[in-house]
Amino acid sequence: MKKLENTIKFFLMMIALSSLSALFLITFFIFMEGLPILFKQGVFAFITGLKWAPTKGSFGIFPMIVGSFQVMFGAIVFSVPLALLCAIYLAEFSSPLARNIIKPSIELLAGIPSVVYGFIGIQVIVPIIRIAFDCSGFSVLGCSIVLGIMVLPTITSISFDSIMAVPVTYRQGSIALGATKWQTVKMVVLPAARTGIIAAIILGMGRAIGETMAVIMIAGNSLIIPVSPLDPVRTLTSNIALEMGYASGEHRQALFATGVILFVIIMGLNSLANYVASAMSRSK
């Protein structure tokens, strides 16, 4: 029996290590391909460069970095109020029947392929923006709306779990002191669940900045720094997807270097989410 347990333990450990090995290999490959051009061009020059013209030896990704963050923050501004209000309703005010219907429906959004969101964006959102604002419609605003819908399940689910994790005694104590249901949620439940809610928002930011297909279809993919929500935009992910098919030499290395920058940004957001969660847990 002891030998069987050790065998199972070893087998499970190997499975866990295989996941880490895959992550290590992906990271090693991206950095191996991208670092040479970063060292040659200079990291600062590569990040702050304003012109992307690989055929002329210009590798500046600053407009794409700005565009990526604009789209990401636009998605968060659009999705966070909806996601948070939805999580509050499901956790505190809905009936079990409504919760069992609405929550799986929201989580189902996460399973829809991103290309479907892109089609909906082209057929519905882009024409509405074009008519309403007299522009092309392919814009930061359109991307923000579509990405906001795409990150809605992530933020809603994690926020819901955080609110549900608040001990029921907190609610009972607040109501016993004369607070209303809404006052209890606002002044007791949400502050107690703020750790998970902030982590959900940061993870949603990472999901938004890493999206590719839907962004390609709606962004307009113009190599400019957007100064208005109605301007077209090209993000880091869309730049890689659009040009990797025909890139070679330094151009290909520059696309991998773009992946390195994106990798660092997403890892930074995930690390920030973990840090915030740990710091707020310690402060309780």
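Tabulated data
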quantity	calculated
Filtered residues of the stretch 61-96 (kept if surrounded by 21 or more Cβ atoms within 10 Å (Cβ to Cβ) and not in a helix (DSSP H, G or I))	I61
Within the stretch 136-240, helices (runs of 4 or more DSSP H) holding 3 or more residues that are over 30 Å from P96 (Cα atoms) and more than 16 Å from the chain's Cα centre (by Cα)	213-219
Residue count, the stretch 148-191 (criterion: free of Cβ contacts under 8 Å to residues at least 40 places away in the same chain and among the hydrophobic types (A, V, I, L, M, F, W, C))	10
Residue in the stretch 77-88 that is of a type outside the set (K, R) and under 29 Å from G49 (Cα atoms) present	yes
For V43: the one exception among (1) surrounded by 12 or more Cβ atoms within 10 Å (Cβ to Cβ); (2) more than 23 Å from I265 (Cβ to Cβ)	(2)
Some residue of the stretch 260-279 being hydroxyl-bearing (S, T, Y) and either part of a loop (DSSP other than H, G, I, E, B) or in contact (Cβ under 8 Å) with a residue 12 or more places away in the chain (or both)	no
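Residues are listed down the side, and each one gets a yes or a no for (1) closer than 23 Å to A273 by Cα; (2) surrounded by fewer than 12 Cβ atoms within 10 Å (Cβ to Cβ); (3) acidic (D, E):
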position: I158; (1), (2), (3): yes, no, no
position: T169; (1), (2), (3): no, yes, no
position: G173; (1), (2), (3): no, no, no
position: T180; (1), (2), (3): no, yes, no
position: V188; (1), (2), (3): yes, no, no
position: A193; (1), (2), (3): yes, no, no
position: I198; (1), (2), (3): yes, no, no
position: I201; (1), (2), (3): yes, no, no
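For every residue, the table says whether it meets (1) touching a helix residue (DSSP H, G or I) at 6+ places or on another chain (Cβ under 7 Å); (2) among the charged types (D, E, K, R); (3) farther than 24 Å from I265 by Cα.
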position: I65; (1), (2), (3): yes, no, no
position: M72; (1), (2), (3): yes, no, no
position: F78; (1), (2), (3): yes, no, no
position: C86; (1), (2), (3): yes, no, yes
position: A91; (1), (2), (3): yes, no, yes
position: K103; (1), (2), (3): yes, yes, yes
position: P113; (1), (2), (3): no, no, no
position: V116; (1), (2), (3): no, no, yes
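Here, each number is a calculation from the coordinates, and none is a lab measurement. Keep in mind that this is a model prediction, so the values were computed, not measured. Counting neighbours? That spans all protein chains shown, and the Cβs are built from the backbone with ideal geometry, glycine included.
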